[in-house]
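Structure, as structure tokens:
The values are calculated or read from the model by the stated rules, or taken from the named source; none is laboratory data. Keep in mind the model is a prediction, meaning the values are calculated, not measured. Cβ: placed from backbone, ideal geometry, glycine included. Neighbour counts: every protein chain shown. Just the protein is used for accessible areas: all its heavy atoms, side chains included, with ligands, DNA and RNA removed. Shrake-Rupley method; radii C 1.70, N 1.55, O 1.52, S 1.80 Å.
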Amino acid sequence: MSVAYLNGEFLTLEHATVPVLDRGFLFGDGVYEVIPVYAGKTFRFSSHISRLHKSLSAILMNFELPESDWLALCEGLIERNEFENASIYLQVTRGSYIDRHHDIPTLGEPTVFAMISPLPPVQKDWQASDIKSYSVITEDDIRWQRCDIKAITLLANCMLKQKALESGADDTILVRNGEASEATSSNLFIVRDGVIITPPLSEHLLAGVTREFILTLAQRHGIPFEERAIPEHELELADEIWLTSSTKEIRPVIKVNDVTIGDGVAGPVWRQMYQYYQELKEQLYLGEISGGAV
Ligand code: PDD
């Protein structure tokens, strides 16, 4: 059983329990982050903590810790568990109050919880066939209007993902007002004529840390990119489609609603971007760069 963190204490995951009056349990009143760890070092840590603080402020929770405190918490988890490569789930809810009512209470202690789970090892000589390609369906986005907040209320995301699984696909790309925004737990990219395209940031999608990093890598390596709306019908015309997140990294999508994308295999721009991503992980692994540098 792995060691988790709850309100100032490290304890085995099975002993980490919260009161039923916690507003996270009653209202889904909380936010979270998922932070990757490679070779025992956090990846893109500052970006995750800055998004956590933004989410807290967006739900009117006046709670911020110095980044060094969050890092000490995460390093405490890394040290106490034996995973070299892992993802840390970090959740903050508004805490417990004696009555259940909809008014947002201003006093009180938040509940801070974190746990860690293993990720596959960093692979130096990877083949495209090692990476699972996805087939996806499209569905109307039935989530709320503030998908930029990384809220723990994920029921709509789970239902939309389940629809994909029940139709034999891996995930669902969400469509609002005729535009594809993201998938149930990842951001969306398409490639057309060598140009990487991703929808612009808005309240309809999460500002993914991986999304931002891919745009940085594209800029660094001179790959053209655009942030613009992607009409749903454009998905089928794309040469490549990718889904990106901290745990999935960059996943090629080879089918949308049973239509084959490109040649039906992971494409050349994906291959290049994936290579850049893995090179950085490997440098981190070899200690050539620090977790703070990427
Ligand atoms: N999900 N969009 C949604 C709706 C997400 O839930 C996520 C991440 C992303 C990608 O964000 P990032 O690149 O910062 O991981 C986009 C996490 C991994 C999860 O819920 O497990």
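Here are a few things to note about the model shown:
- Residues within the stretch 139-166 that are in contact with a strand residue (DSSP E or B) (Cβ under 6 Å, 6 or more places away or on another chain), in contact (Cβ under 8 Å) with a residue 40 or more places away in the chain and more than 13 Å from the ligand (Cβ to nearest atom), tallied: 0
Conditions (1) in contact (Cβ under 8 Å) with a residue 40 or more places away in the chain; (2) of a type in the set (D, E, K, R); (3) in contact with a strand residue (DSSP E or B) (Cβ under 9 Å, 6 or more places away or on another chain), marked per residue:
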{"site": "Thr172", "(1), (2), (3)": "no, no, yes"}
{"site": "Gly194", "(1), (2), (3)": "yes, no, no"}
{"site": "Ser202", "(1), (2), (3)": "yes, no, yes"}
{"site": "Leu206", "(1), (2), (3)": "yes, no, yes"}
{"site": "Ala229", "(1), (2), (3)": "yes, no, yes"}
{"site": "Glu232", "(1), (2), (3)": "yes, yes, yes"}
{"site": "Leu237", "(1), (2), (3)": "yes, no, yes"}
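- When residues of the stretch 25-54 are limited to those that are out of contact with any Asp or Glu (no Cβ under 7 Å at 6 or more places or on another chain) and more than 15 Å from the ligand (Cβ to nearest atom), the one nearest to Pro120 (Cα to Cα): Lys41
- Every residue from the stretch 154-212 that is in a helix (DSSP H, G or I), more than 21 Å from Phe225 (Cα to Cα) and not hydrophobic (A, V, I, L, M, F, W, C): Asn157, Lys161, Gln162, Lys163, Glu166
- Sole exception among (1) within 14 Å of Val253 (Cα to Cα); (2) within 13 Å of the ligand (Cβ to nearest atom) for Glu212, by number: (1)
- Verdict on Thr111 being open to solvent by less than 30 Å² (accessible area, probe 1.4 Å) and of a type outside the set (A, V, I, L, M, F, W, C): yes
- Within the stretch 116-134, being outside any loop (DSSP other than H, G, I, E, B) and surrounded by fewer than 19 Cβ atoms within 10 Å (Cβ to Cβ) holds for Ser117, Pro118, Ala128, Ser129, Asp130.
- Count of the stretch 135-151 residues, restricted to those that are open to solvent by less than 40 Å² (accessible area, probe 1.4 Å) and among the polar types (S, T, N, Q), is 2.
- Within the stretch 229-250, being more than 16 Å from the ligand (Cβ to nearest atom) and either over 22 Å from the mean Cα position of the chain (by Cα) or farther than 18 Å from Ala218 by Cα (or both) holds for Ala229, Pro231, Glu232, His233, Glu234, Leu235, Glu236, Leu237, Ala238, Asp239.
- A Cβ distance below 9 Å, combined with a sequence gap of six or more or placement on separate chains, defines the contacts here; from the stretch 30-54, residues that are under 19 Å from Thr244 (Cα atoms) and without any contact (Cβ under 8 Å) to a residue 60 or more places away in the chain reach residues that are in a strand (DSSP E or B) and among the charged types (D, E, K, R) in the pairs Ile49/Glu33.
- Count of the stretch 175-194 residues which are out of contact with any Phe, Trp or Tyr (no Cβ under 6 Å at 6 or more places or on another chain) and buried (at least 21 other Cβ atoms within 10 Å of the Cβ): 10
- Test: residue in the stretch 124-133 that is within 16 Å of the ligand (Cβ to nearest atom), under 21 Å from Lys248 (Cα atoms) and of a type outside the set (Lys, Arg): no
- Strands (runs of 3 or more DSSP E) completely within the stretch 225-294 that count 2 or more residues being out of contact with any helix residue (DSSP H, G or I) (no Cβ under 7 Å at 6 or more places or on another chain) and open to solvent by less than 50 Å² (accessible area, probe 1.4 Å): 249-256
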